[in-house]
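Novice: Below: one structure in structure tokens.
The values are calculated or read from the model by the stated rules, or taken from the named source; none is laboratory data. Since the model is a prediction, treat every value here as computed from it, not as a measurement. All Cβ positions, glycine included, derive from the backbone under ideal geometry; neighbour counts span all protein chains shown.
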There are 2 protein chains.
Amino acid sequence: MKINNPKPIAWQFSRRAQQLQSSVIREILKVTMRPEIISFAGGLPSPETFPIERMKEAFDTVLSRQGKVALQYGPTDGYGPLREWIAQSLSTPDNRIAMEQVLMVSGSQQALDLLGKVLIDEGSKVLVETPSYLGALQAFSVYQPEFVSVPTDDDGLLPREVEKIADGARLLYALPNFQNPTGRTMPVERRLQLVETCARLGLPLIEDDPYGALSYRNEPLPKMVAMNPDGVIYMGSFSKVLTPGIRLGYVVAPVPLIRKLEQAKQAADLHTSQLTQMVVYETIKDGFLSQHIPSIRTLYANQCQAMLDAMQEFFPAGVTWNKPEGGMFIWVKLPTHIDSMQLLEEAIEHHVAFVPGAPFYANEPEKNTLRLSFVTVPPAKIREGVEKLAKLIAAKMK
Amino acid sequence: MKINNPKPIAWQFSRRAQQLQSSVIREILKVTMRPEIISFAGGLPSPETFPIERMKEAFDTVLSRQGKVALQYGPTDGYGPLREWIAQSLSTPDNRIAMEQVLMVSGSQQALDLLGKVLIDEGSKVLVETPSYLGALQAFSVYQPEFVSVPTDDDGLLPREVEKIADGARLLYALPNFQNPTGRTMPVERRLQLVETCARLGLPLIEDDPYGALSYRNEPLPKMVAMNPDGVIYMGSFSKVLTPGIRLGYVVAPVPLIRKLEQAKQAADLHTSQLTQMVVYETIKDGFLSQHIPSIRTLYANQCQAMLDAMQEFFPAGVTWNKPEGGMFIWVKLPTHIDSMQLLEEAIEHHVAFVPGAPFYANEPEKNTLRLSFVTVPPAKIREGVEKLAKLIAAKMK
């Protein structure tokens, strides 16, 4: 039962949709998933770290004991016991975080979308790091802000530079621990200066912290939200300490903002899976993460070291990189005449891949940069891939 | 480690966020969840219908066999085998739906948000039914359209009225099967006329179909997407045929629109839980729904009949209502001088609850309307609640 000769629709997309693009990285990942390629391009955690058995038991327990609740519609702000657990885990002796400040979201990408929705008008000034996390640039760009890149050094954002350009800005977005893409970490002193500067300016500071727990050597550094809970919006995630495929993250912020975000979330997807939240709570409530996270740290630290060793051995002089203290990424600077996007084409032909740095810049890209991830590649393959890459770079330096 | 004397932030919300409100219904539901209240207010499916054991087995199977894939990041468009299953289930002899036309979403509320994001600019004309589904009005209103309510009769939208006001409109949103809130169904002839009218006008037609499978007596009516797959955007959900707490729905649309929605989804939450999608596929792939759905239909049909019988017995003359052929709701019209919002306050005092009709109108509300749900209340309680409500209404008619 069909109508005759329908006229095809000439789709008229909204202005915000017209400038939407698929992530360059997702496009690259499709190519680099071919099994013959040694891929340093992924931003995926290692599936070796997924606590599959434990989560299977948790699903069984939750469905057996509370199936009807877990499978029913739930509250928009999230599952109470898990919100309480998060509030406690972020509280410090001089700062009590309340459960009312916690909103559960469907992965922290959703927190970025909701924050953009609620804080950004067309043309709003939004301050970001140089370079910044691509997923944040994507999420915010839907709401058509004017991005301003804040100058950085090896310790991250420069507070005096923030001060110079903050006038009229709606927010500053920062990723202080083992940043994606650069792997760099903001030291405590710098955090204090930055928080103080933002507080003085009345500028909301977003602290995105997906990798904070993955510190290789020391205890994680103090969080900025603990330095000023009235001015910092904290974003956390279970993707890197448990598993990403379940899509579970959270935002911690002052209550007036949380209530507005909750309204936006209600319109966006009603709530995040009750079952997922209850299972994650069941999995972690007895302290599981304090045994589990060290095993992830050890795995990643070893693979990071394997990559650093190989880079030291094979990369030609004139190429520089950082030594991350945690997380999943190493940032590489090539001589300025080498465009890493062109290098990638050759690299893929030689069965090795990475992510070019340019898409991580909101404004002027440094095209001679690239991001390497070591977490899903075993050490022997890391060595092989780095050697191949080094040869391709060296050939361009002759 | 805290900074001294922080200045509290004066939150500046975006214009779209300033007009965001929490759903009136969600506020009502909080009150009506008190156990002493007989609540006809919910829009929740009955947890008696949740196939808990079967889903527990499916979680076990998927995690045992494919845990590392299920718990890893996945593709934005969704899990291939499930998309293929959906495409096949919607294909008809003269209309093959392809998997490329299917996008998985985190509950069909997310489909509404993404469609609003991609199709609506500030001030865009958006056509909706009179009355319409509140969640759609909420989702679209974030993007600040100008809503125009299309006149309806007992068979739903009037195509000749659409024609009169369609000029410049971006979309028409319709819920043809057992509509929320009215419970009414659009007959086949009307569907054809509406699809033909929209096709002639080049007007995108959204067919939201969460309840379509819950037909009490007959096979579900032909879907509008089958009448013109090039012009109809179909939205489906697993919330009413399986369980809502897992948050899983889908959109079926022409490929150019699906690709744009996919980009918007990538920025909004990367993808919907892989694990959830794989478990739902595992649960339904061998034809489970064809045994399961009839049991839901029987339960709801019996409770619907219990409510209709009680209304017939107790409601005073001058009150009218429809007899739904499926779904979860009955729509009641009181004499025009009775405001159902005021009636609700008295009703709650007498421990019975419903949802007033006014919030479902995008423009001029009919304040003498209300929505009753029968699916989560057993027949004896339905009778008791309807009798109470009837007395309160009768008292207002003296």
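Novice: Could you list, in sequence order, all residues of region B:264-320 that are in contact with a helix residue (DSSP H, G or I) (Cβ under 7 Å, 6 or more places away or on another chain), in a loop (DSSP other than H, G, I, E, B) and buried (at least 22 other Cβ atoms within 10 Å of the Cβ)?
Specialist: Of everything in region B:264-320, those that are in contact with a helix residue (DSSP H, G or I) (Cβ under 7 Å, 6 or more places away or on another chain), in a loop (DSSP other than H, G, I, E, B) and buried (at least 22 other Cβ atoms within 10 Å of the Cβ) turn out to be B:Leu270, B:Ser273.
Novice: Do the conditions hold for A:Lys388, that is, is it under 26 Å from the mean Cα position of the chain (by Cα), more than 14 Å from A:Val24 (Cα to Cα) and of a type in the set (Lys, Arg)?
Specialist: no
Novice: Taking A:Val352, is it over 28 Å from A:Gln138 (Cα atoms) and in contact with a strand residue (DSSP E or B) (Cβ under 7 Å, 6 or more places away or on another chain)?
Specialist: no
Novice: Residues B:Leu261, B:Leu194, B:Leu242: which one is at pLDDT 95 or above, out of contact with any strand residue (DSSP E or B) (no Cβ under 9 Å at 6 or more places or on another chain) and crowded, with 24+ Cβ neighbours inside 10 Å?
Specialist: Among B:Leu261, B:Leu194, B:Leu242, only B:Leu242 is at pLDDT 95 or above, out of contact with any strand residue (DSSP E or B) (no Cβ under 9 Å at 6 or more places or on another chain) and crowded, with 24+ Cβ neighbours inside 10 Å.
Novice: Hey, can you tell me all the residues within region B:346-364 that are outside any loop (DSSP other than H, G, I, E, B) and touching a Phe, Trp or Tyr at 6+ places or on another chain (Cβ under 9 Å)? Outline the logic, then answer.
Specialist: Residues of region B:346-364 that are outside any loop (DSSP other than H, G, I, E, B), as a first pass: B:346-349, B:352-353, B:355-356, B:358-360.
Once the filter is applied, which keeps residues that are outside any loop (DSSP other than H, G, I, E, B) and touching a Phe, Trp or Tyr at 6+ places or on another chain (Cβ under 9 Å), region B:346-364 yields B:Ala347, B:Val352, B:Ala353, B:Val355, B:Phe360.
Novice: Please count how many residues of region A:167-187 are touching an Asp or Glu at 6+ places or on another chain (Cβ under 7 Å) and surrounded by fewer than 15 Cβ atoms within 10 Å (Cβ to Cβ).
Specialist: Adding up the residues that qualify gives 1.
Novice: Can I ask one more? For region B:121-166: of the residues being in a loop (DSSP other than H, G, I, E, B) and charged (D, E, K, R), which is surrounded by the fewest Cβ atoms within 10 Å (Cβ to Cβ)?
Specialist: Pass one, region B:121-166, residues in a loop (DSSP other than H, G, I, E, B): B:121-124, B:130-133, B:142-145, B:151, B:154-155, B:158, B:166.
Now narrow it down to the ones that are charged (D, E, K, R): B:121-122, B:154-155.
Working: B:Asp121: 16, B:Glu122: 14, B:Asp154: 9, B:Asp155: 14.
Filtering first and then ranking leaves B:Asp154.
Novice: Looking at region B:1-26, which of the residues that are more than 7 Å from chain A (Cβ to nearest Cβ) and assigned to a loop (DSSP other than H, G, I, E, B) is modelled with the lowest pLDDT?
Specialist: B:Asn5
Novice: When you go through (1) crowded, with 23+ Cβ neighbours inside 10 Å; (2) farther than 30 Å from A:Arg26 by Cβ; (3) of a type in the set (Val, Ile, Thr) one by one for A:Ile97, which number turns out not to apply?
Specialist: Going through the list (1) crowded, with 23+ Cβ neighbours inside 10 Å; (2) farther than 30 Å from A:Arg26 by Cβ; (3) of a type in the set (Val, Ile, Thr), A:Ile97 breaks only (1).
Novice: Before we move on, is A:Lys117 more than 20 Å from A:Ser237 (Cα to Cα) and either touching a Phe, Trp or Tyr at 6+ places or on another chain (Cβ under 9 Å) or of a type outside the set (A, V, I, L, M, F, W, C) (or both)?
Specialist: The answer is no for A:Lys117.
Novice: Turning to a different aspect of this structure: Being under 30 Å from A:Arg26 (Cβ atoms) and either aliphatic (A, V, I, L, M) or at pLDDT below 95 (or both) is the requirement here; does B:Ala41 meet it?
Specialist: Here the answer is no, as B:Ala41 does not meet what is asked.
Novice: Further, regarding this structure: Would you confirm whether or not region A:169-183 contains a residue that is among the β-branched types (Val, Ile, Thr), more than 14 Å from chain B (Cβ to nearest Cβ) and in contact with a strand residue (DSSP E or B) (Cβ under 6 Å, 6 or more places away or on another chain)?
Specialist: yes
Novice: Take the residues of region A:284-327 that are among the small types (Gly, Ala, Ser) and under 19 Å from the mean Cα position of the chain (by Cα): which is nearest to A:Glu48 (Cα to Cα)?
Specialist: Restricting attention to region A:284-327, the residues satisfying the condition of being among the small types (Gly, Ala, Ser) are A:287, A:290, A:295, A:301, A:306, A:310, A:317-318, A:326-327.
Add one more test, that the residue is under 19 Å from the mean Cα position of the chain (by Cα), and what stays is A:301, A:326-327.
Working: A:Ala301: 14, A:Gly326: 18, A:Gly327: 16 Å.
The qualifying residue nearest to A:Glu48 (Cα to Cα) is A:Ala301.
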